[in-house]
Amino acid sequence: MNSKEEAKDSKFHRKALQVAEAQSRIMEYAKLLQMEEVPLDQSVGRYLAEPVYAPHPFPAFNRSGMDGYALMSADTEEAGEGKRVWLDVVDNIPCGAVPAADIRRGTAARIMTGAQVPAGADTVVMLEATESREEGGRLQVGIRKPQAAGKNVTPRGFELKEGELVLPAGRMIKAGDIAVLAAFGIPLVQVIRRPRVGIFATGTELLDVHEPLVPGKIRNSNSPMLEALVRECGGEPVMLGAIVDDIEQARSKVQIALESYDVVITTGGVSVGDYDIMGDLIRENSGDMLFNKVTMRPGSVTTAAVRGGTLLLALSGNPGACFVGFHLFARPAILQMQGADQPFLPEWTAVLGADYNKVNNYTRFVRARLEIHEGQLYAYPAVIDESSVMVTIKDSDCLIVIPPEERGVSAGDSVKVLKLPGEIRG
Ligand SMILES: Nc1nc2c(c(=O)[nH]1)N[C@H]1C(S)=C(S)[C@@H](COP(=O)(O)OP(=O)(O)OC[C@H]3O[C@@H](n4cnc5c(N)ncnc54)[C@H](O)[C@@H]3O)O[C@H]1N2
Ligand code: MOO
Ligand SMILES: [Mg+2]
């Protein structure tokens, strides 16, 4: 048999891998990309290439937590029961200033919130708890009660010691991380560059979003969906359009894409049909095929290969299978290439909100809505969740994992769910 005939023969005889095995075959080729430097204001959503250690203690000085007076707590021991302690005010410290005088017994400094507490002072008394007077030309502050040492003073290094790890490599930068980077004077952030992901669809039936609907055709909804999904996990999508079911066209498109991008994702044409060209194309050169069947529904025909070190992920054309295939295989690869510390969807436990009776000898990934009732997380499977159904994808917060079983699962059962990115719509 020549390679084309072999490919045809193997079309119907595929060896199905477990999802975890298929994932690990892909991850082996999802290599970390190079580092690049981005300005702080453009770093949100990117993955840190290197850990960040505190270059100095934070706060860098003992900081007042109140507008008031900095003084020695020992000076206030005698205050109370109508007896005030009067201290000479020797300094006035606004935010941004350096104290001009140390605090000694019998003295205090007026100080504002956020200003540096002078040496010698161990407490700050808020303005409302003080009185002032002038005594022999000297400004004095009166304290009515004994004060505890340490009150309203944030010590130097309270939040972070110098050299302490603040942000580990692989962390996705969010608003709070940006605050840390800004506070430590890091205007340029070392991140991993975004993987460039070539995306194209196959299918003679496909129309572009701008085209009017004509009999027998459908609009290509998978490509724009994939484009958004790639963006969502930090990749840079490159849209390569849709091609008709023609293997020669597909071959050259795949070849050019593999040479130009970090990952190539296709959708459609991976099953056993007469026009399922992507499946045929990948089987032609089966030496570099990672798998072409996975024990999952939807997406059992998901196919993957690696050519010249580049991953080619051929997802199913059925929208539900394309969506699930992306989350289980493409997303983790795109994230791992950016060094993300958590490339896989997080696994949560939820209570099943409604019976789910479809049985299968493959693991099912059922799109579902999440809701919280009285502190308990519930997952409601989409009423129609067939692989070919597109419209319920939009209401999915998670994928319920239904292991292969003889019978279905019932409302109230505890189930494992894979949380999809984004907010729970409820
Ligand atoms: N005899 C068999 N038939 C099928 C099998 C099988 O094992 N034996 N597997 C079924 C399963 S499972 C799936 S999933 C689909 C997989 O289909 P393909 O990946 O080959 O995809 P296509 O044939 O190209 O299209 C399937 C379906 O999806 C629509 N489609 C395709 N591309 C897009 C797009 N970009 N946007 C929106 N919709 C798209 C296409 O029009 C078809 O309706 O095969 C089963 N068949
Ligand atoms: O790949 Mo199909 O989606 O398993 O149903
Ligand atoms: Mg097909």
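The values are calculated or read from the model by the stated rules, or taken from the named source; none is laboratory data. Everything numeric in this text was worked out from a predicted model, so none of it was measured. Glycine also receives a Cβ, built like all others from the backbone with ideal geometry; neighbour counts cover every protein chain displayed. These area figures cover heavy atoms from the full protein model, side chains too; ligands, DNA and RNA do not enter into them. Shrake-Rupley method; radii C 1.70, N 1.55, O 1.52, S 1.80 Å.
Every condition in (1) under 18 Å from the mean Cα position of the chain (by Cα); (2) assigned by the TED database to the domain that holds E232 holds for A169 except the one numbered (2).
Within segment 306-357, being more than 24 Å from R196 (Cβ to Cβ) and assigned to a loop (DSSP other than H, G, I, E, B) holds for N318, P346, G353, A354, D355, N357. In segment 223-237, is there at least one residue being within 16 Å of ligand 2 (Cβ to nearest atom) and either in a strand (DSSP E or B) or buried (at least 19 other Cβ atoms within 10 Å of the Cβ) (or both)? Among the residues of segment 223-237, at least one is within 16 Å of ligand 2 (Cβ to nearest atom) and either in a strand (DSSP E or B) or buried (at least 19 other Cβ atoms within 10 Å of the Cβ) (or both), which makes the answer yes. Consider segment 360-393 and keep the residues that are farther than 17 Å from E405 by Cβ and among the acidic types (D, E). The one that is farthest from ligand 3 (Cβ to nearest atom) is E374. Output yes when any residue across segment 68-81 is among the hydroxyl-bearing types (S, T, Y) and without any contact (Cβ under 8 Å) to a residue 40 or more places away in the chain, and no when none is. Checked against the condition, which is being among the hydroxyl-bearing types (S, T, Y) and without any contact (Cβ under 8 Å) to a residue 40 or more places away in the chain, segment 68-81 yields no hits at all. Just so you know, in segment 254-272 the residues that are out of contact with any strand residue (DSSP E or B) (no Cβ under 6 Å at 6 or more places or on another chain), more than 14 Å from ligand 1 (Cβ to nearest atom) and not hydroxyl-bearing (S, T, Y) include one that is nearest to S387 (Cα to Cα), and it is V254.
For A228, indicate whether it is within 16 Å of ligand 3 (Cβ to nearest atom) and assigned by the TED database to the domain that holds L313. For A228, the condition - within 16 Å of ligand 3 (Cβ to nearest atom) and assigned by the TED database to the domain that holds L313 - is not met. Could you tell me whether any residue of segment 264-283 is part of a strand (DSSP E or B), open to solvent by less than 10 Å² (accessible area, probe 1.4 Å) and away from ligand 3 (no atom under 16 Å from the Cβ)? Checked segment 264-283: at least one residue is part of a strand (DSSP E or B), open to solvent by less than 10 Å² (accessible area, probe 1.4 Å) and away from ligand 3 (no atom under 16 Å from the Cβ). Going through segment 273-286 one residue at a time, which ones are more than 11 Å from ligand 1 (Cβ to nearest atom) and closer than 23 Å to L328 by Cα? Those that are more than 11 Å from ligand 1 (Cβ to nearest atom) and closer than 23 Å to L328 by Cα: L281, I282, R283, S286. Of the residues screened, V197 is not one that is at pLDDT 95 or above, of a type outside the set (D, E, K, R) and more than 36 Å from the chain's Cα centre (by Cα).
Looking only at segment 296-316, count how many residues are within 12 Å of ligand 1 (Cβ to nearest atom) and either open to solvent by less than 30 Å² (accessible area, probe 1.4 Å) or at pLDDT below 95 (or both). Final tally of qualifying residues: 10.
So, G185, is that one within 16 Å of ligand 3 (Cβ to nearest atom), assigned to a loop (DSSP other than H, G, I, E, B) and at positive phi or not? No, not satisfied. What do you reckon, is E37 of a type outside the set (S, T, N, Q) and loosely packed, with under 15 Cβ neighbours inside 10 Å? Against the criterion (of a type outside the set (S, T, N, Q) and loosely packed, with under 15 Cβ neighbours inside 10 Å), E37 qualifies. With respect to (1) open to solvent by less than 50 Å² (accessible area, probe 1.4 Å); (2) closer than 22 Å to N318 by Cα, the lone exception for A350 is condition (2). Counting only residues that are open to solvent by 90 Å² or more (accessible area, probe 1.4 Å) and either among the basic types (K, R) or part of a helix (DSSP H, G or I) (or both), segment 206-222 holds 1 of them.
P343 fails exactly one of the following numbered conditions: (1) open to solvent by 60 Å² or more (accessible area, probe 1.4 Å); (2) modelled with pLDDT of 95 or more; (3) out of contact with any strand residue (DSSP E or B) (no Cβ under 6 Å at 6 or more places or on another chain); (4) not acidic (D, E). What is the number of that condition? Looking at each condition in turn, P343 falls short on (1).
Please indicate, with yes or no, whether at least one residue in segment 375-390 is aliphatic (A, V, I, L, M), within 16 Å of ligand 2 (Cβ to nearest atom), outside the structural domain of G299 (by the TED database) and open to solvent by 40 Å² or more (accessible area, probe 1.4 Å). So far as segment 375-390 goes, yes, one or more of its residues are aliphatic (A, V, I, L, M), within 16 Å of ligand 2 (Cβ to nearest atom), outside the structural domain of G299 (by the TED database) and open to solvent by 40 Å² or more (accessible area, probe 1.4 Å).
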